[in-house]
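**Q** This is the structure, below, for whatever I ask next.
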């Protein structure tokens with residue numbers, strides 16, 4: 001029976017197992033304490049989704065404003081063309097026609 005452990009050795013091994021289990025349970029308790037409740041998780045998801053929705057609406061508003069600004073620029077270019085260039089062309093056309101009529 002030289003391979004059989006002594007009673008003291010069995011007790012030490014059992015104490016080691018018990019100590020390991022205590023440490024494992026303590027670690028498990030710590031991990032469970034750090035977990036977030038499902039209710040809080042859902043509330044955080046709703047808050048994140050709301051913030052994302054607000055951000056999307058804000059970006060959409062900025063894009064719409066940029067499109068409106070571009071439309072305004074196009075309208076301004078048309079206005080500049082009609083207010084400045086067309087009268088100059090009319091004056092040049094009249095001068096051409098006057099010169100052509102005077103030459104005939």
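**Q** Determine the calculated [θ] at 222 nm for the chain from helices alone, applying -39500 (n - 2.57) to every DSSP H run no shorter than 4 residues and normalising by the residue count; nearest 500 deg cm²/dmol.
**A** Numbers: 3 runs with 88 residues, N = 104.
Rounded to the nearest 500, it is -30500 deg cm²/dmol.
**Q** Work out, step by step, the length gained on full extension between residue 13 and residue 57: first 0.36 nm times the residue separation, then minus their alpha carbon distance; give nm to one decimal.
**A** Numbers: separation 44, 0.36 × 44 = 15.84 nm, distance 6.49 nm.
Fully extending the segment from residue 13 to residue 57 adds 9.3 nm.
**Q** Residue 48 versus residue 72, label points 7 Å from Cα toward the beta carbon: distance in nm?
**A** 3.8
**Q** Where Rh is the Kirkwood radius over the Cα pairs of the chain, the temperature 10 °C and the viscosity 1.306 mPa s, what D in µm²/s does Stokes-Einstein return? List each step's numbers first, then the result.
**A** Values: Rh = 23.4 Å.
The calculation lands on 68 µm²/s.
**Q** Between segment 2-19 and segment 38-94, what's the alpha-carbon centroid distance in Å?
**A** For segment 2-19 versus segment 38-94, the Cα centre distance is 79 Å.
**Q** Here is a further query. Can you give the extra length, in nm with one decimal, that the chain gains between residue 31 and residue 79 once fully stretched, where that is 0.36 nm per residue apart less the Cα-Cα distance?
**A** The residue 31-residue 79 span can extend by a further 10.3 nm.
**Q** With axes computed from alpha carbons, what is the tilt in degrees of helix 7-33 against the longest principal axis of the chain, rounded to the nearest 10 within 0 to 90?
**A** So the inclination is approximately 20 degrees.
Here, each number is a calculation from the coordinates, and none is a lab measurement. Here the structure is a predicted model, which means the values were calculated and not measured. Every residue, glycine among them, receives a Cβ derived from its backbone with ideal geometry; neighbour counts consider all protein chains shown.
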